[in-house]
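Structure, as structure tokens:
The values are calculated or read from the model by the stated rules, or taken from the named source; none is laboratory data. Note that this is a predicted model, so its numbers are computed, not measured. So basically every Cβ, Gly included, is an ideal-geometry build from the backbone, and we count neighbours across all protein chains shown. With ligands, DNA and RNA removed, areas are computed over all heavy atoms of the protein, side chains included. Shrake-Rupley method; radii C 1.70, N 1.55, O 1.52, S 1.80 Å.
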Amino acid sequence: GPFVCNPGALMKRVAFLGPFVCILTVAFAWIGAGSSISAKEAIPEPCRSQHVVLPSFSDLFSMGMILELAVVGSYGFWNFAVIVTVPTLRNQMKNPKKTAPAAIIAYFIALVMFLPIMFLGYAGFGNEAPENLVDSMRDSRPMGWWALNRAWETGRLTATGACLALIVTVNMLMTEAIIIPCAVLAVEASFPGVFRRGPRWARKVMRLGIAFFRLVVATQIESFVAMSALVTALFCICNNIIFPIVAFHYCKVKKVGPVRKTIHVLVLLYGVFIMIFGSIAAIQSLSPADEKPGTRLRSDLTPQCRSAFDALNITVR
């Protein structure tokens, strides 16, 4: 049916919801990031996260910082995974030449919408921002919450946070309508003798297996960022950076000058860096999560912050 063989038809059916879902997601995210600034006022000055514009030279080239930058690079490149749908969508467009300009405009609009979330969030959270913005949109936090582990995730989820969680779920369902059929088609095309010309039960088992695998990943892997970074470092980098550059020069598709060759070498080295260090950092991040929020004191408390917490005369259970 069209829901399996035609990703363009899927996008057309849900396209009218896209702008509303996008606007609501960004609006609630702005509210969530902005609310961190007001919530920060409850934190004693010695306990507030420091805002560092640029780390020191030694910290910038430390292994910890290198791994963090590799994860950022991996996750950032994951956003380009939608490129796999471009050939199909381009062929179905009335004017295929408008595909590239439309993509450029879309990425620019996304940048404009996401930058306020980044700046507002860093102004409030500092370096203590939780991975999921929804987890920070809370009130009724316990006394002395700012000294506890995963401090921003303590308290009760606000109505705005619940709305953001709901709209993000709707957004993911719309995205899944594109990604899952593409994955199914890719598996079927890899083994056509089994899934296309073979018995019908083989295709059904394969599709149920994909659904079950995604369910296990969604319920057992807590860090979406780390999982996305790992997939990118292992596969997207190879498919979109390493293989194309190597194939371009191996097959001698076109004669290029020294400047372009140098750029290709630098991009290739970047890809190898992300593939190695991004995979290592992502695997480390997929290790068992920290204790539940608010169950112990933070390990990085300064003596002044510890004194402010002790003055409250409360006990952490």
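Points to keep in mind about this one:
- Divided by 2.2 N^0.38 Å, where N counts the residues, the Cα radius of gyration of the chain comes to 1.18.
- Here the simple spin-label model places points 7 Å from the Cα toward Cβ, and for Y107 and V259 these points are separated by 2.0 nm.
- Distance (nanometres) between label positions extended 7 Å along Cα→Cβ at K292 and F212: 3.1 nm
- Prolate/oblate/rounded call for the range 126-233, Cα gyration tensor, a/c under 1.5 rounded: prolate
- Packing-based order for 238-245, 23-30, 148-155, using average beta carbon neighbours within 10 Å, highest first: 148-155, 23-30, 238-245
- Folded to 0 to 90 degrees: helix 200-220 orientation relative to the chain principal axis, Cα: 20 degrees
- In the elastic network of the chain, a GNM with C-alpha springs shorter than 10 Å, the most mobile of K255, K204, K97 is K255.
- Cross-link partners of K252 among lysines (Cα-Cα below 27 Å; sequence separation of 8 or more within a chain): K97, K261
- For the pair A183 and F119, the difference between a 0.36 nm per residue extended length and the Cα-Cα distance amounts to 19.5 nm.
- Residue among L286, L111, L301 with the largest mean-square fluctuation in a Gaussian network model of the chain, springs linking Cα atoms under 10 Å: L111
- Top of V184, V216, V259 by mean-square fluctuation, Gaussian network on the chain, Cα under 10 Å: V259
- Two-site label geometry, I283 and F224: point separation in nm, points 7 Å out along Cα→Cβ: 2.6 nm
- Helix 258-273 vs. the chain, principal-axis angle (Cα, 0 to 90°, nearest 10): 60 degrees
- In the complete set of protein chains, residue-level accessible area for S279 is approximately 10 Å², probe 1.4 angstrom.
- The range 170-191 and the range 17-47 have their alpha-carbon centroids 31 Å apart.
- Estimated at the nearest 10 Å², the accessible area of K261 is 100 Å² with a 1.4 Å probe.
- In the range 248-305 the Cα-Cα distances spread across 10 Å bins starting at 0 as 16, 23, 20, 17, 12, 11, 2 percent of all pairs.
- A cut-off under 15 angstrom between Cβ atoms defines the neighbours of R260, and their net charge, with Lys, Arg +1 and Asp, Glu -1, is +4.
- Principal-axis tilt of helix 63-78 within the chain, Cα atoms, nearest 10 degrees: 50 degrees
- Contact order relative to length of the chain, as percent, for alpha carbon pairs under 8 angstrom and 6 or more apart: 30 percent
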